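Nothing in this text is a laboratory measurement; each read-out follows from the coordinates by a stated rule. Computed from a prediction, not measured in an experiment: that's the story for all the values here. As a convention, Cβ positions derive from the backbone with ideal geometry for all residues, glycine included, and neighbour counts pool all protein chains shown.
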């Protein structure tokens, strides 16, 4: 037993030398993304919007609990239009892993996102007992490296849960596409965005 | 009425004389896929050396929906032959099972009906037909979904020297929504498909064993999405050959080839165009098991060319609707080519086990019309593990994993590639299970993983590293049902580091310490007691918080929880559970550091949430159980900032319901089964739709 402990301890100590992250560049002035404390539920929804606008992968991960063992299991439910347009995506098992893969590919392949996750509020109340259940209309404009833009506007229901010290988005249910305020055309939901990037 | 008409039609189809025999349709539909999955897992985990049939699974491309595992078919054929009896009557049984039900939940209510008919013929042949209908009404949205479907399946089984199955499917769907602006939208689809599949397993030629399979099908799809047509009709032909060769008693070689061709016509919006797909797959593998070694080596090459109508897409793959002058619908040509190699090996000598797995996947994927252009990708993966079991209960395991992958994109019309988007991952795990003394064991786990994202040529600013370290020590004692106790110490550190200056302001290191004792005490046969405690603190240190351009400051979050649960089994019928959860948390931010390095924090938030639950169940009769539960939550939150505030929220819920499972009649039983619960909730976060609702899942079925 003592030998096992010694061998394990030695390898554990050696492991710290194996895995060393790179040095970061000191931040430039004006580039800071000021996230709000995640102890309040609405701050997490605001932070998700900030992460989209800043193309900040860790910020999105904090909102949905990416990489946090105790966080709730994230689930995404697409709308009917997305289900029909992308039948080959494994929507039934869209959890945190698929969401993180999507957001990583998404941020790596676009140059600008203008997001307003509370473009319109359908239902919003103070959370109680560690649960929040809200409905919003969100509006996204996505620009690709060549400058072409695509818009997404849809109603969604989001369920947030308090786990440990922080709130997390536990469920994101896209309901249906909403009208483009400019043209009146019905825009797609973020489901089509997820379907496009998840398999890269 | 619709269900009834469809069902009668299917009965008429079933009543027609069937000349050929078939095997169990359910075997044909689901079992081969399940078996194929199991064999794949078995191969991945280095199970027993596969037989020739198992090696046949090398043939089919994994993403082809028409492929069946030949090994499963082989098993089917053998099973059918053993059960073949010439003296059986042609029609052995004819079963019909109509069923209907209701499924209610907070989001929607579903009404459904289904009619399933099965004719069992001689030599285990079977013909089945199903017809289904459902209607969904959404409670929070103005939305309805109507589904209709029908299936007829016939399998010839062992009547011929080959296995043949025929399927006809029909799926109809209409999804109607009205959005918040009152705009009506409908999505429709109507898909009809007929297919015929031929299999000939176990063709023995000398030392080799072959299997041949041929598939043919016709598919017609009519669809409408946001007022635009999405139609297609195509014919699909496919064929393959799988061969195995047992070189030695300890080694089997296996090869496979598969080819599929689709041709038809597609319509998107106002455009109509021919569509086609050509898909090939070639595999070679060897499986070995000799002495202390076992493993496999596998090479696979797949490629396809697809021609279809698609919306014009920009360089990110998104539908481009805003660039002026861009053609909205285009004829797309998509090509994909991929090669994968893998080698898995395991060595076991007494109490020592060594294993490794190495794999390489590489390929190209390109579009002629889409702005995405061409992509090249590569992934290398290595895992290795070493385990030592030095007694029946004690073991130690080390494992190491390495993943290196990249993809490189050359957008359409670009002269040069974008640069590689690289992802590297390294992981180390150490597990130690040690029996300390009587009824008490120790479990120690340590893991560390580093993930790195690198954009070659800095084509984006998303370079980042994430280093995660976790260790836990758990001591557990179990006095065989009389008392259980557990103590867990845990430490986790997560470093989230963006490399580029535009993203590095939030770089942080989170350290979390946790202590969690707990116990379970069955006081008597009718009452048990359980408590778990948890104390946790997480420190977040922002790496660049000392710089003036970074406004984030270090903080900590403390929390404590106490969960208590008392269960009563008052008699065989009545059970009660009372539980209480208490959760307290404190968030604080650093305000200053003095000359000695001592840090001072300001508490931003204190929150205490207390929940009392009560649940009961009463078995009123063998087929009826009455149930109910309620909870009350008190949530008090104090925020301390420029102005202090206190929020006191109360919420709760009560539900009453029943679980029923009742049958009438023995020979042709009528069965009612399911649960129904009525919920009532209150609190600030309760919406109109979930103040009062039914959660039910009831099914009424009849067999005759």
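Data table
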| read-out | value |
| --- | --- |
| Cβ neighbours within 10 Å from other chains - mean over B:645-652 | 2 |
| Translational diffusion of segment B:305-376, µm² s⁻¹ [Kirkwood Rh, Cα pairs; Stokes-Einstein; 37 °C; 0.692 mPa s] | 213 |
| Cβ-Cβ FRET estimate between residue B:144 and residue A:42, R0 fixed at 30 Å, reported to 0.05 | 0.40 |
| Relative contact order of segment A:61-198, defined on C-alpha pairs under 8 angstrom at six or more residues apart (%) | 28 |
| Distance (nanometres) between label positions extended 7 Å along Cα→Cβ at residue B:599 and residue B:349 | 5.0 |
| Modelled FRET efficiency - R0 25 Å, residue A:25 with residue B:546, Cβ distances, 0.05 increments | 0.95 |
| Projected label distance in nm at residue B:656 and residue B:341, using a 7 Å step from Cα toward the beta-carbon | 7.0 |
| Alpha-carbon centroids, segment A:120-181 and segment B:681-704: separation in whole Å | 25 |
| Residue mean of other protein chain beta carbons inside 10 Å, A:119-132 | 6 |
| Helix-derived mean residue ellipticity, 222 nm - over the protein assembly as shown, DSSP H n ≥ 4, -39500 (n - 2.57), to 500 | -4000 deg cm²/dmol |
| Radius of gyration and maximum dimension Dmax of chain B, Cα, Å | 31.8, 99 |
| At 0.692 mPa s and 37 °C, Stokes D of segment B:465-512 from Kirkwood alpha-carbon radius, µm² per second | 242 |
| Highest-first arrangement of B:242-255, A:50-63, where packing means the average Cβ count within 10 Å | A:50-63, B:242-255 |
| Length released on extending from residue B:410 to residue B:613, taking residue separation times 0.36 nm less the Cα-Cα span | 67.2 nm |
| Value of D in µm² per second that Stokes-Einstein yields for segment B:525-596, Kirkwood Rh from Cα pairs, at 10 °C (1.306 mPa s) | 99 |
| Mean separation of Cα contacts under 8 Å (6+ apart) over length of segment B:381-474, as relative contact order % | 22 |
| For chain B: relative contact order, % (alpha-carbon pairs under 8 angstrom, 6 or more apart) | 7 |
| Percent of Cα-Cα distances greater than 24 Å, calculated over segment A:13-172 | 40 |
| Gain in span if fully extended, residue B:691 to residue B:672, counting 0.36 nm per residue against the direct Cα distance | 4.0 nm |
| Distance in nm between pseudo-label sites at residue A:146 and residue B:292 (7 Å out along the Cβ direction from Cα) | 5.9 |
| Globularity ratio of the protein assembly as shown, using Cα Rg and 2.2 N^0.38 Å | 1.05 |
| Residue B:270-residue A:92 FRET efficiency (beta carbon distance; Förster radius 41 Å; 0.05 resolution) | 0.75 |
| Length released on extending from residue B:478 to residue B:580, taking residue separation times 0.36 nm less the Cα-Cα span | 34.3 nm |
| Per-residue Cβ neighbour rank within 10 angstrom, fewest leading, B:276, A:128, B:225, B:93 | B:93, B:276, B:225, A:128 |
| Per-residue mean of C-beta atoms belonging to partner chains within 10 Å, peptide A:33-41 | 4 |
| Likely footprinting exposure, B:653, B:688, fewest C-beta neighbours within 10 Å first | B:688, B:653 |
